[in-house]
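Read the structure below first, then the notes.
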Amino acid sequence: MEHSKKVLIYLVAILFFSLSACKKDKSDPTEALASIDLRRGDILLCGNPQFGDVSFALECKYDTREAFDLAISLLHSFEYAEAEKAFVKVIDADPECAMAYWGVAMSIYHELWAPPGPKELEKGSQLLDIAKTLQKSERAEEYLDAIGVFYKDWETLDHKTRELLYEEKMEQVYLNNKDDIEAAVLYSLSLTSSADPNDMTYENQRKSGAILEALFQKYPNHPGIAHYIIHTYDYPEIASLGLTTARRYAEIAPSSAHAQHMPSHIFTRLGLWQESIDTNLNSSSSAICYSESVEEEGHWSQEIHAMDYLVYAYLQQGDSEKVKEQNEYMKSIKTAFPVNDFAVAYSANAIPARIALENRNWIEAANLERPALEFEWDNFPWEGSILHFAKAFGAVRSGDIASAESELELIKSFHQQLIAINDAQSIYKAGQVAIEIKIIEAWTALAKGDNEEALTLMKLAARLESETTKHPVTPGEILPADELLGDMLLELDRPEEALVAYEVNLEGHPNRFNGLYGAAIAAKESGNEEKADLYFDQLLHLTENSNSDRPELKEAKEFVSRKVI
């Protein structure tokens, strides 16, 4: 009996010391977290605080799951700042929840959007280092390993390489967890994000779309599924596949400015201008509400991004008054947040450039000035080139060849700057600037009387543009190259060829004001009155509810009315 008692005491002692050792070995992340600049505070939502339905079962404390699901929903709506705050709420309530660290790292990634900078990458790496020390399930380990490859060696590996490594890891997570909705959704997003921008077969996008569409049948209120279907099909050739989802998405996440905006990616591709206008007005309103809530100085990038799509749509309806209102508003904006956001850089240059060029106001285009917005413009060569392209094109079309050539040299310097950076995004952007260069060279050659060289260069620009996908930040090229080819062929008195170019343009850019007008004029000058009637009728129908002073409409009405006696 005495012996049994001693044995029992001995076993209790061993158990005590074992538990003490485990407690001692168990990592306490609190101290490490104190040194990381995490977003905290109230989660700011405007209007109806709904972001769709998700349920991401985790091994974290039960009372954190509502916050975690909100964080996932915000992440899927690209509401990155608020998503991070929501994930940090989970960390503060349960510092041992490894997947909450994953969530913050995902919020910093900004997939399909602006890549994180060194500060953000360092922050993500630190969080993932902490997560490695925490106990976690095999499933959580897979998710953390996947995002971990994106942050690993970020100082030496370029963004595209790490993006592809992440896609490969997410494929394994997806294949290993076939019943995991989020694994499927996030893998699909990684396919679209890592797609080669020069792959006109859209292999990745079609693969992603097949997964997402199957899920959408089962989970029609999931914000990520609907959102990523739209991004997946945001290309002229496949945009129609996303129309049903586009009309549904804004209803799923009414509080998200980005969710309100996203349907217009599909509407723009299909030339559904009023639907694009409606959804971007809602997006802009939500973005302004958010700006007021966070009390940040200036305008949120989501508002300015929506404005670019809004202006593009108003231009296609020929709505001069609405275009003027948006332009004046854009000029009034002096600051924006996040600071130096690439979407702001693009929109601030594209909006005035589009307005001048689409209205064929060459003098106005030639005299455009850099936006008054506070910005580090030297860090955005592609975005900056857009304004100088407009200035060059306006100059050459108004007969100022010297100014056009001066602007062309500046555009070429932007091209070299992008080539020197030599990462996937910069190479893509360099390709866009190369198209601008060929267009200006073509019209300069035309102005100098070298018609054949002009046409050769313009056809090259059109071919290069046809081989390149559209960047998701833009509603479309400042001026489509096929449309400009049609314009040049009309200048050269070759209307039959011009009509072919305009019709090719309208296949990829349906219901463009200048595309329809150009096609109508080319048909008229070719003696094809049937097609001239068709395109003039389409133009008048397109603009029937607009307050427009475009002279092209007067010409269209006169041509169509000739039949009415």
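Cα gyration tensor of region 448-565, axes a ≥ b ≥ c as square roots of the eigenvalues: rounded (a/c below 1.5), prolate (a/b > b/c) or oblate? The partial results should precede the final answer.
Working: a/c = 2.27, a/b = 1.36, b/c = 1.68.
Judged from the Cα gyration tensor, region 448-565 comes out oblate (a/c at least 1.5, b/c at or above a/b).
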Fill in: Nearest-20 debye value, region 179-236 charge dipole, Cβ charges on Lys, Arg, Asp, Glu
140 debye
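Pairs of Cα atoms under 8 Å, at least six residues apart: use those to get the relative contact order of region 481-561, whole percent. Don't jump to the answer; show the numbers that get you there.
On the way: 93 pairs, mean separation 18.5, N = 81.
RCO, region 481-561: 23 percent.
Can you tell me the FRET efficiency between E122 and K178 if r is taken as the Cβ-Cβ distance and R0 is 30 Å, rounded to the nearest 0.05?
Working: r = 35 Å, r/R0 = 1.17.
Using R0 = 30 Å, I get an efficiency of 0.30.
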Fill in: Mean separation of Cα contacts under 8 Å, 6 or more apart, over the residue count of region 221-359: relative contact order %
19 percent
Response to the item:
In the chain, taking the dipole from +1 charges on Lys and Arg beta carbons and -1 charges on Asp and Glu beta carbons about the Cα centre, the listed residue (F78, G318, F513) farthest towards the positive end is F78
Response to the item:
Of 327-334, 95-102, ordering from highest average Cβ density within 10 Å down gives 95-102, 327-334
Fill in: Two-site label geometry, S561 and E203: point separation in nm, points 7 Å out along Cα→Cβ
5.7 nm
Worksheet item: Can you give the relative contact order of the chain as a percent, counting alpha carbon pairs under 8 Å and 6+ residues apart?
Response: 10 percent
Item to complete: Express in nm, to one decimal, how much length is gained between D53 and D37 on full extension, taking 0.36 nm for each residue of separation and deducting their alpha carbon distance.
Response: 2.8 nm
Worksheet item: Under 28 Å Cα-Cα from K331, which lysines qualify once same-chain neighbours fewer than 8 residues away are excluded?
Response: K322, K391, K412, K429, K470
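From the Cα trace of region 274-420, what convex hull volume per residue do you get, rounded to a whole Å³?
Looking at region 274-420, the number lands at 102 Å³ per residue.
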Item to complete: Name the residues whose placed amide hydrogens come within less than 5 Å of the amide hydrogen of F337, ignoring near sequence neighbours (fewer than 5 apart) on the same chain.
Response: H299, W300, S301
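Net charge within 12 Å of F375 by Cβ-Cβ distance, Lys/Arg positive one each and Asp/Glu negative one each, not counting F375 itself? Could you put the intermediate results ahead of the total?
Details: positive: K334, R370; negative: D341, E374, E376, D378, E383.
Counting the neighbours of F375, the net charge comes to -3.
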Worksheet item: Tell me, how many Å apart are the Cα centres for region 96-146 and for region 473-526?
Response: 48 Å
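Taking the Cα centre of the chain as origin, work out the dipole magnitude from +1 charges on Lys and Arg Cβ and -1 charges on Asp and Glu Cβ, in debye rounded to 20.
Details: 52 positive and 94 negative charges, 220 e Å.
Computed about the Cα centre, the dipole is about 1060 debye.
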Item to complete: If a/c stays under 1.5 just call it rounded; otherwise compare a/b with b/c (prolate if a/b is bigger, oblate if not). Do that for region 48-255, with a ≥ b ≥ c from the square roots of the Cα gyration tensor eigenvalues.
Response: oblate
Fill in: Relative packing of peptides 421-429, 264-272 - highest average C-beta neighbours within 10 Å first
264-272, 421-429
Worksheet, complete the sentence: Candidates for Cα extents along the principal axes in Å are (i) 78, 50, 43; (ii) 120, 49, 43; (iii) 78, 73, 57, and the calculated one carries label (ii)
Discussion item. Going Cα to Cα from K89, which lysines come in below 25 Å? Please leave out same-chain ones fewer than 8 positions away.
Written reply: K23, K26, K61, K119, K123, K132, K136
Worksheet item: Any idea what angle helix 424-447 forms with the longest principal axis of the chain, computed on alpha-carbon atoms, 0 to 90 degrees, nearest 10?
Response: 10 degrees
Item to complete: Could you pull the Rg and Dmax for region 93-153, using just the Cα atoms, both in Å?
Response: 11.2, 32
Worksheet item: By average Cβ neighbour count within 10 Å, what is the ranking of 63-75, 520-532 from highest down?
Response: 63-75, 520-532
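Each value in this text was obtained by applying a stated rule to the coordinates, not by laboratory testing. Everything numeric in this text was worked out from a predicted model, so none of it was measured. Cβ sites come from the backbone with ideal geometry, for glycine too, and all protein chains shown count toward neighbours.
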